[in-house]
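To keep things clear, I will list the structure first and then write my remarks on it.
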Amino acid sequence: MLVFFLALFVVVAALISAYAFVSLVIYPNINRDVVSGVDVINAGGSKTALVVYQPGYTSFPRDVSYAFADGLASSGWRVEITTASSQAPSELSGYSLLVLGFPIYGGKPADAIVRYVNGTSNLNGISTVIIAVGAFSPGEVLNTMTQKVHAANGTVKESMALFSIAPNKGNGYATDIARQAGSQIAP
């Protein structure tokens, strides 16, 4: 009986420690604003697209967002890419396309990208592409973000979910899908 209670105590202590680690260390770091500069790809493009992405716990959201941006550039777009933060462009009148890339955490869009969309207040009908990335199925994440874009007066042109594991078979394959999808959007 003593062994049972000791084992139960160890399991409970481990679960509490894991929850505390995720709640206090990982979650606040993955949902914080990361300020970056604006990178320009294909400066001579005919129309300008803004790609705003939220970095994740791994480089996967960044890699997919840059792959999509490369695809847009190959199709003739001037692409400006930056992270979701209070420093990201919120005046969007000079852009013809907005791309939102973000990781899925806890079955919902990551917090920084939601704060970015909420902070723009009015997307003025801009065509928007939503790219949710994660290890598992997006569930209702694409619908949630579509509703947020519509609430901010944006138009969803396309939405997609890309995975770091099956069915996309890893990071390289998902970035290929993102690059191809970006190249199919003409300016």
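All of the numbers you see were taken from the coordinates with simple rules; none came from a lab. Small disclaimer: the values here were computed from a predicted structure and weren't measured. In this analysis, Cβ positions are derived from the backbone assuming ideal geometry, glycine residues included, and neighbour counts consider all displayed protein chains.
Let's test the formula: R0 of 25 Å, r as the Cβ-Cβ distance of N122 and E158. What FRET efficiency results, to the nearest 0.05?
Result of the calculation: an efficiency of 0.75.
Report, in whole Å, the centroid distance computed from the Cα atoms of region 44-60 and region 91-134.
10 Å
If I take every Cα pair under 8 Å that is 6 or more residues apart in region 39-183, average their sequence separation and divide by the length, what percent do I get for the relative contact order?
27 percent
Output wanted: per-residue J couplings in Hz (rounded whole) for region 74-88, from phi through Karplus 6.51 cos²θ - 1.76 cosθ + 1.60, θ = phi - 60°, x for Gly and Pro.
Each residue of region 74-88 in turn: 5, 8, x, 7, 7, 10, 10, 10, 7, 8, 6, 7, 5, 8, 5 Hz.
What's the whole-number percent of alpha carbon pairs in region 39-183 lying beyond 28 angstrom?
Of all Cα-Cα pairs in region 39-183, 9 percent lie more than 28 Å apart.
For I177, I81, what ranking results if the residue with the fewest other Cβ atoms within 10 Å of its Cβ goes first?
So the ranking, lowest neighbour count to highest, is I177, I81.
Between R115 and D39, what is 0.36 nm times their sequence separation minus the Cα-Cα distance? Round to one decimal in nm.
Residue separation times 0.36 nm, minus the Cα-Cα distance, leaves 25.3 nm.
Provide the gained length on full extension for the span S74 to Q87, in nm with one decimal, where the gain is 0.36 nm per separating residue minus the Cα-Cα distance.
Roughly 2.0 nm would be gained on extension.
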